[in-house]
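See structure below.
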Number of protein chains: 2
Amino acid sequence: MSSNGSFGPARAADWSNVRERLRASGLRWTPQRRTLIEVLSRTNGHVTGAELVERCREVDPGTIPSTVYRTLDVMEDLGLLSHSHGADGREEFHVQPVAAHGHLHCTSCGTTWEILADEAAAVVDSMQRSRGFAVDLSHLSIAGQCAGCSAKPAG
Amino acid sequence: MSSNGSFGPARAADWSNVRERLRASGLRWTPQRRTLIEVLSRTNGHVTGAELVERCREVDPGTIPSTVYRTLDVMEDLGLLSHSHGADGREEFHVQPVAAHGHLHCTSCGTTWEILADEAAAVVDSMQRSRGFAVDLSHLSIAGQCAGCSAKPAG
DNA sequence: CGCCATATTGCAACATGTCGCAAGTGCATG
DNA sequence: CATGCACTTGCGACATGTTGCAATATGGCG
Ligand SMILES: [Mn+2]
Ligand SMILES: [Mn+2]
Ligand SMILES: [Zn+2]
Ligand SMILES: [Zn+2]
């Protein structure tokens, strides 16, 4: 997977100048990339890789999965995307993020919540203090049991 | 994936009475399960599913992956195992755990550290307070950049 | 011991990615 | 607008699981 070197707060993605950003890194503007950018630019929130492949196929039926996944890596390196993993380990991409955030996932009922920076401060600060470790909030996914499910006797 | 309903501190696994534990749940003792238990009972620490399949094959070359994965789920339900996911989302099983723990993974250098309960207290307590959410420490895997890699200019 | 209800297995197909390689293409340059 | 080098793509193989189904096996019971 790719890495956003600084894990800074995600700026809202600006898809209008992707071509220039690619060129600035010596990378190329191709029809396959144009297709994915188009799909991403009208996608909000969370989406899996498989869903993106599917949506690209609606635009260009000849879409090849490995090309999509490779382009997603490039977009992530450019800082236009980030991903985390669901409790099953599957990738979830975060598109046009308003703010960097992590996730909380209840294993019993399957519900997922977003954890914003202020709520994650305890985690981030704690690891920074004890280890000098810079937590990548956007990749963070915490599993467990929500209040509702904990209350019920036998999940 | 299976869930250890309570996320309690992991007791050291006792492989001697697995058969009885299975029967107590109406489950069965089969040669395939015996093979996996044998492998698990001499495995310590972290191991991937693929590695376990491989080790089972050394005992019984006829081992089928899906059977191993299904049995791993059963063992997890029995509380004899837990798993988390590497930064790539792949499963890592924790065998014969001395104590429940999470993981810290540096995306730059690839090193992984264990986070014990006291160090994870900030995370666990914070989510419990703000949301009544019971974090499953053994499934927790935090990605980011370690102190050493953060120090270097272009990790 | 033999029966039977159920749990389990083997198998094949599928899901989600990743990787190596040869062929193809973007684009800077002249 | 022709050239050529790197970057990309397509494709097939592989890695790691998951799932549906029909065939089997376990183990409680008579
Ligand atoms: Mn999991
Ligand atoms: Mn990841
Ligand atoms: Zn819940
Ligand atoms: Zn590091």
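Nothing in this text is a laboratory measurement; each read-out follows from the coordinates by a stated rule. Bear in mind the structure is a predicted one, so any value in this text is a computation, not a measurement. Neighbour counts are summed over all protein chains in view; Cβ atoms, including those assigned to glycine, are modelled from backbone coordinates with ideal geometry.
Considering every residue within the stretch B:14-21, establish whether at least one is charged (D, E, K, R), in contact with a Pro (Cβ under 8 Å, 6 or more places away or on another chain) and more than 12 Å from DNA strand D (Cβ to nearest atom). Spell out the reasoning first.
Our first condition is that a residue be charged (D, E, K, R); within the stretch B:14-21, this holds for B:14, B:19-21.
Imposing the further condition that a residue be in contact with a Pro (Cβ under 8 Å, 6 or more places away or on another chain) reduces the set to none.
Scanning the stretch B:14-21, I find no residue that is charged (D, E, K, R), in contact with a Pro (Cβ under 8 Å, 6 or more places away or on another chain) and more than 12 Å from DNA strand D (Cβ to nearest atom), so the answer is no.
Checking residue B:103 against (1) away from DNA strand D (no atom under 16 Å from the Cβ); (2) in contact with a strand residue (DSSP E or B) (Cβ under 7 Å, 6 or more places away or on another chain); (3) under 12 Å from residue A:127 (Cα atoms), which single condition isn't satisfied?
The single condition residue B:103 does not satisfy is (1).
If you scan the stretch B:122-145, which residues turn out to be within 16 Å of residue A:128 (Cβ to Cβ), within 16 Å of ligand 2 (Cβ to nearest atom) and in contact with a helix residue (DSSP H, G or I) (Cβ under 8 Å, 6 or more places away or on another chain)?
Of everything in the stretch B:122-145, those that are within 16 Å of residue A:128 (Cβ to Cβ), within 16 Å of ligand 2 (Cβ to nearest atom) and in contact with a helix residue (DSSP H, G or I) (Cβ under 8 Å, 6 or more places away or on another chain) turn out to be B:142, B:143, B:144.
Quick test for you: out of A:122, A:143, pick the one residue that is at the interface with another protein chain (Cβ under 9 Å from one of its Cβ atoms) and free of Cβ contacts under 8 Å to residues at least 40 places away in the same chain.
On inspection, the qualifying residue turns out to be A:122.
If you take the residues in the stretch B:75-96 that are more than 9 Å from DNA strand D (Cβ to nearest atom) and surrounded by 20 or more Cβ atoms within 10 Å (Cβ to Cβ), which one is nearest to the other protein chains (Cβ to nearest Cβ)?
Within the stretch B:75-96, the match that is nearest to the other protein chains (Cβ to nearest Cβ) is B:87.
How many residues are of a type in the set (Ser, Thr, Tyr) and either over 23 Å from the mean Cα position of the chain (by Cα) or more than 16 Å from DNA strand D (Cβ to nearest atom) (or both) when one looks only at the stretch A:138-152?
Number of matching residues: 2.
Only one residue in B:142, B:115, B:37 is more than 16 Å from ligand 1 (Cβ to nearest atom), assigned to a strand (DSSP E or B) and either of a type outside the set (Val, Ile, Thr) or surrounded by 16 or more Cβ atoms within 10 Å (Cβ to Cβ) (or both). Which one?
B:115
Could you name every one of the strands (runs of 3 or more DSSP E) located completely within the stretch A:43-106 that has at least 2 residues being on the phi < 0 side of the Ramachandran plot and among the charged types (D, E, K, R)?
Those strands (runs of 3 or more DSSP E) span A:91-95.
Which residue pairs have Cβ atoms closer than 6 Å, lie 6 or more positions apart in sequence or on different chains, and pair a first residue in the stretch A:57-86 that is closer than 17 Å to residue A:139 by Cα with a second residue that is small (Gly, Ala, Ser) and outside any helix (DSSP H, G or I)?
Qualifying pairs under 6 Å: A:73/A:2; A:76/A:2; A:77/A:2; A:80/A:13; A:84/A:141; A:85/A:141; A:85/B:89.
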